[in-house]
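Enquirer: Can you read through this structure? Questions will come right after.
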Amino acid sequence: MIDGFGRTIDYVRISVTDRCDLRCVYCMPETGMAWLPHAKILRYEDILRLAGVFVSLGIVNFKITGGEPLVRTGVETLISGIRAMDGVRSVTLTTNGVRLAEKLPALLDAGIDGINLSLDTLDPARYAALTRRGALPEALRGLEAALAVPGLNLKLNCVAMAGGEGDWAALAALAKERAVAVRFIEPMPIGPGQRLAPCGEDAVRAVLEAEYGPMTPCGGPAGNGPCRYFSLPGFAGKIGFISAVSHKFCAGCNRVRLTSTGFLKTCLQYDVGADLAPLLSGTDDALRAAIETAILHKPEAHQFPAGDVQNRERRTMSQIGG
């Protein structure tokens, strides 16, 4: 699909739940989250129907997200169903890794094309402080299980926060001996993330280059997103940066998001798009028309870090499937 600014939209992130087994400081409050009732969450049958409509419109790359998608029972059946559709290029998953070791065989059987594992530190005390849970051993087991799968497209995502300088070099070192992409993501000023001190790509690069030497831009692994990749001397893997604030990439945005309640969200900063859930009682043509209209009016660009823009998103990242 082509939006109103001439961008090709071929990638949708589908949230299957707002629930999570962690409470990361940039994502949700430690307590007091009001989880959506199950009746409000799309059934897998409805998601598969919407996926088929997306494919018919040229959206052929899918990311399954949450919350934490692996807390929802049977997510591998959804992945298998989407992967089997004619025209689908890729189905990937983002996860905190806590349940990955036990779920990985079923995900592989379902045909998963890649996994993004979120891990912000290797230090147990820091992990407990950042996630408000003590699940680092489980997350590391998930990481090791994924690393052991030959050919699996594995990417490690770290939200780079001010004060985390001690974490970045250790995380990057995971790409020294193994061909994994370690990616540093600027925190997004949404929900609790609005209260975090800004931390840009340049700060991370300075730490990594002081430790490992100069970075050199390189191609691949490209994937479906906006990450820019670099090599470091002697590293088997790559270092990546997703820097939506300091290195704005809206001009090349190719994605939309489907929340777990069925709202098609066309830009992370805004609450605009189309509520597809009520249209599920109608025809695929009605769904297709609503999706086409929403994408045609996809905003040109975000205005982060401005927080007072019209139609600003007020939900947390876990509620919108960031």
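Enquirer: Just to be sure I understand the filter: pairs with C-beta atoms under 9 Å, separated by 6 or more residues or on different chains, first member in region 1-20 and within 11 Å of ASN61 (Cβ to Cβ), second member of a type in the set (D, E, K, R) and part of a loop (DSSP other than H, G, I, E, B). Which pairs pass?
Expert: Sorted first by the residue in region 1-20, then by its partner, the pairs are ILE9/ASP3; ILE9/LYS298; ASP10/ARG89.
Enquirer: A follow-up question, please. For a quick check of your reading of the model, give me the residue pairs whose first member lies in region 164-184 and is of a type in the set (Lys, Arg), whose second is surrounded by 14 or more Cβ atoms within 10 Å (Cβ to Cβ) and part of a strand (DSSP E or B), with beta-carbon atoms closer than 8 Å and at least 6 apart or on different chains.
Expert: That search, which allows pairs on different chains as well, returns ARG183/LYS155; ARG183/LEU156; ARG183/ASN157; ARG183/CYS158; ARG183/ILE239; ARG183/GLY240; ARG183/PHE241; ARG183/ILE242.
Enquirer: Do we have VAL98 as buried (at least 17 other Cβ atoms within 10 Å of the Cβ), touching a Leu at 6+ places or on another chain (Cβ under 8 Å), of a type outside the set (Gly, Ala, Ser) and assigned to a loop (DSSP other than H, G, I, E, B) here? Show your work before the answer.
Expert: Values: buried (at least 17 other Cβ atoms within 10 Å of the Cβ): yes; touching a Leu at 6+ places or on another chain (Cβ under 8 Å): yes; of a type outside the set (Gly, Ala, Ser): yes; assigned to a loop (DSSP other than H, G, I, E, B): yes.
The answer is yes for VAL98.
Enquirer: When the residues of region 50-67 are filtered to those that are touching a helix residue (DSSP H, G or I) at 6+ places or on another chain (Cβ under 9 Å) and free of Cβ contacts under 8 Å to residues at least 60 places away in the same chain, which remaining residue is surrounded by the most Cβ atoms within 10 Å (Cβ to Cβ)?
Expert: Of region 50-67, the ones touching a helix residue (DSSP H, G or I) at 6+ places or on another chain (Cβ under 9 Å) are 50-57, 59-60, 62, 64, 66-67.
From the residues that got through so far, the ones that are free of Cβ contacts under 8 Å to residues at least 60 places away in the same chain too are 51, 55, 60, 62, 64.
Values: ALA51: 22, VAL55: 18, VAL60: 19, PHE62: 28, ILE64: 25.
Step by step, filter region 50-67, then rank; the result is PHE62.
Enquirer: Would you say ARG83 is in contact (Cβ under 8 Å) with a residue 12 or more places away in the chain, among the charged types (D, E, K, R) and more than 17 Å from LEU154 (Cα to Cα)?
Expert: Yes, satisfied.
Enquirer: Taking the conditions exactly as written (in a loop (DSSP other than H, G, I, E, B) and either more than 19 Å from ILE47 (Cβ to Cβ) or in contact with a strand residue (DSSP E or B) (Cβ under 6 Å, 6 or more places away or on another chain) (or both)), does THR121 satisfy them or not?
Expert: Considered against the rule, which asks whether it is in a loop (DSSP other than H, G, I, E, B) and either more than 19 Å from ILE47 (Cβ to Cβ) or in contact with a strand residue (DSSP E or B) (Cβ under 6 Å, 6 or more places away or on another chain) (or both), THR121 comes out as yes.
Enquirer: So, one more: Hey, among the residues in region 226-262 that are assigned to a strand (DSSP E or B) and hydroxyl-bearing (Ser, Thr, Tyr), which one's farthest from ALA210 (Cα to Cα)?
Expert: By that ranking, first place goes to TYR229.
Enquirer: Hey, any hits in region 256-270 for a residue that's surrounded by fewer than 16 Cβ atoms within 10 Å (Cβ to Cβ), modelled with pLDDT under 95 and under 21 Å from the mean Cα position of the chain (by Cα)?
Expert: No, that holds for no residue.
Enquirer: For residues in region 21-62 being among the aromatic types (Phe, Trp, Tyr) and part of a loop (DSSP other than H, G, I, E, B), which is farthest from the chain's Cα centre (by Cα)?
Expert: Per the stated criteria, the residue is TRP35.
Enquirer: Test of understanding: among LEU104, LEU108, which residue is of a type in the set (A, V, I, L, M) and touching a helix residue (DSSP H, G or I) at 6+ places or on another chain (Cβ under 7 Å)?
Expert: LEU104
Enquirer: Which of the residues spanning region 267-283 are free of Cβ contacts under 8 Å to residues at least 40 places away in the same chain and part of a loop (DSSP other than H, G, I, E, B)?
Expert: CYS267, VAL272, GLY282, THR283, listed by residue number.
Enquirer: So, in region 101-139, of the ones that are within 19 Å of the chain's Cα centre (by Cα) and farther than 19 Å from THR65 by Cα, which residue ends up surrounded by the most Cβ atoms within 10 Å (Cβ to Cβ)?
Expert: Checking each candidate, the answer is THR121.
The values are calculated or read from the model by the stated rules, or taken from the named source; none is laboratory data. Here the structure is a predicted model, which means the values were calculated and not measured. Because the Cβ atoms are built from the backbone with ideal geometry, glycine has one as well, and the counts that use them run over all protein chains shown.
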